[in-house]
Amino acid sequence: MTRSPIDLRGHYRALLSASLDCVVAMDHRGCVTEWNPAAVRTFGYSEADALGRDMAELIVPRGLRERHREGVARYLSGGDPVVLDRRVEIVAMRRDGSEFPCELTITRIGNDNDPMFVGYIRDITERHATEAELRASRARIVTAADDARRRLERDLHDGAQQHLVGLALTLRLARRKVADDSEAAELLDEAIEDLAVATAELRELARGLHPAVLTEGGLEPALGGLAKRATVPVTIEHAPAERLPATVEITAYFIVAEALTNVARYAEASRAYVRVQRAGDTLVVEVRDDGRGGATMGAGSGLRGLLDRVSALGGSLTVVSPEGEGTVLRAELPCGS
């Protein structure tokens with residue numbers, strides 16, 4: 001029994017029809033030579049409408065067409081490929097003029113005299129929407145946690161700390177009244193000292209949850225307080241006097257606090273420098289030292305936690321720390337217009 005010869009063209013057309021991704025081919029002149037059903041559904045042009053048309057006019061947004069044509073011409077004249085055989089994210093345009101994000105891979109087929117280019121295009125609008133919602137959800141979680149920390153700090157300050165301060169006053173009054181009883185006076189002195197330590201620890205705990213000075217005055221005085229408490233000399237090169245969104249301020253504060261803690265513990269540095277400055281819609285936070293270097297993002301849970309927080313706000317966090325040359329921790333936080 002003999003087998004029927006394989007209909008390669010029919011097989012090829014079946015593959016194109018079954019593909020869930022758009023398959024669009026063009027010749028060296030930029031004219032469409034293939035336009036599968038997925039492309040019909042995505043872009044709104046029928047196969048008959050698309051074949052033979054300038055591809056740039058069909059699916060490339062107007063602002064990108066000249067750049068697209070220049071890239072094709074440069075490649076055909078011997079230039080290095082920029083997007084060939086790579087998966088990239090770009091913006092494409094539908095028939096109605098609406099634009100959408102897509103994932104694109106372009107391959108070249110054919111001989112040198114008659115090259116053709118095949119693009120595989122996937123609409124990633126839904127993916128972008130899901131990612132945006134995920135980022136928004138993470139940002140809401142961070143904001144909710146910050147609000148809870150702020151309330152807890154306020155409750156500690158207005159409640160427990162005030163009670164301790166009142167108790168300290170009462171003990172001092174009692175101490176004056178028992179001046180002739182040395183044993184009672186000694187016990188009261190110990191109680192007053194223990195109470196002072198407990199009050200200081202509680203104040204430090206409240207500051208770690210959410211510093212009151214940040215809520216009341218913003219980053220400029222809050223960073224100044226961090227510098228004064230640091231065990232390594234710290235120079236505040238710049239701190240914003242303006243108020244920023246609360247979540248941005250507390251994130252910047254925690255970045256500087258964690259960085260200065262790491263400088264004191266590990267860097268063997270003689271000095272640290274802090275610069276927090278707004279650049280358009282971005283707040284740039286930079287902490288550098290003159291220590292031994294060698295720090296990495298994965299070295300401790302503190303930096304990993306900061307990275308999670310910064311990422312949730314749509315920002316970035318990097319560490320540059322060559323051995324023997326100090327460390328630079330830099331964060332960029334979106335802070336709105």
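The values are calculated or read from the model by the stated rules, or taken from the named source; none is laboratory data. Just so it is clear, the model here is predicted, and its values are computed rather than measured. Counting neighbours? That spans all protein chains shown, and the Cβs are built from the backbone with ideal geometry, glycine included.
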- Do we find a residue being under 23 Å from ASP147 (Cα atoms), out of contact with any Gly (no Cβ under 6 Å at 6 or more places or on another chain) and in a loop (DSSP other than H, G, I, E, B) anywhere in region 224-236? no
Pairing a residue in region 69-86 that is surrounded by 12 or more Cβ atoms within 10 Å (Cβ to Cβ) with any residue that is among the small types (Gly, Ala, Ser) and part of a helix (DSSP H, G or I), where Cβ atoms lie under 8 Å and the two sit 6 or more apart in sequence or on different chains, gives ARG69/ALA56; VAL83/GLY71
Residues of region 260-286 being out of contact with any Lys or Arg (no Cβ under 8 Å at 6 or more places or on another chain), crowded, with 22+ Cβ neighbours inside 10 Å and more than 11 Å from VAL232 (Cβ to Cβ), in sequence order, are VAL274, VAL276, LEU283
ILE124 passes all but one of the listed conditions (1) surrounded by 13 or more Cβ atoms within 10 Å (Cβ to Cβ); (2) within 29 Å of PRO37 (Cα to Cα); (3) touching a helix residue (DSSP H, G or I) at 6+ places or on another chain (Cβ under 6 Å); the exception is number (3)
Of those in region 6-44 that are in contact with a helix residue (DSSP H, G or I) (Cβ under 6 Å, 6 or more places away or on another chain) and aromatic (Phe, Trp, Tyr), the residue nearest to ILE106 (Cα to Cα) is TRP35
Out of (1) in contact with a His (Cβ under 7 Å, 6 or more places away or on another chain); (2) modelled with pLDDT of 95 or more, the one TYR273 does not meet is (1)
With the first residue restricted to region 215-243 and required to be under 13 Å from ALA272 (Cβ atoms), and the second required to be hydroxyl-bearing (Ser, Thr, Tyr), Cβ contacts under 6 Å at 6 or more apart or on different chains are THR235/TYR273; GLU237/TYR273
